[in-house]
Amino acid sequence: YDTPGMLWPKIAHPEDGLMLAASHAVGVNAYIDEEVATWLAGFLLAHYPALLSARYGFAVDALDAPGVLEAVAKK
């Protein structure tokens, strides 16, 4: 059944909660924006560095998650 708006009361794995927050599946009162943004930048850097570089036009070799956020903000 499709039950929009209904989630388990407790998310067992923190990374699952971050993924839900990054995809806007949970309300903004349930997470801290900066934590989700930093986690998402790190996830994208670890899994899709070439796509990040192609999309934003900067080298990702020496960047960490906060560095990615700064580079995207400058772009």
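The values are calculated or read from the model by the stated rules, or taken from the named source; none is laboratory data. In this text, all values refer to a predicted model and were calculated from it rather than measured experimentally. The area values use the complete protein model at the heavy-atom level, side chains included, leaving out ligands, DNA and RNA. Shrake-Rupley method; radii C 1.70, N 1.55, O 1.52, S 1.80 Å.
Values for this structure:
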{"read-out": "Solvent-accessible area, 1.4 Å probe, carbon plus sulfur percent, for the chain", "value": "60"}
{"read-out": "Helix axis angle, 65-74 relative to the chain longest principal axis, alpha carbon, degrees", "value": "70"}
{"read-out": "Matching label, semi-axes √(5λ) of the Cα gyration tensor in Å computed from the structure shown, candidates (1) 18, 14, 11; (2) 22, 16, 9; (3) 28, 12, 11", "value": "(3)"}
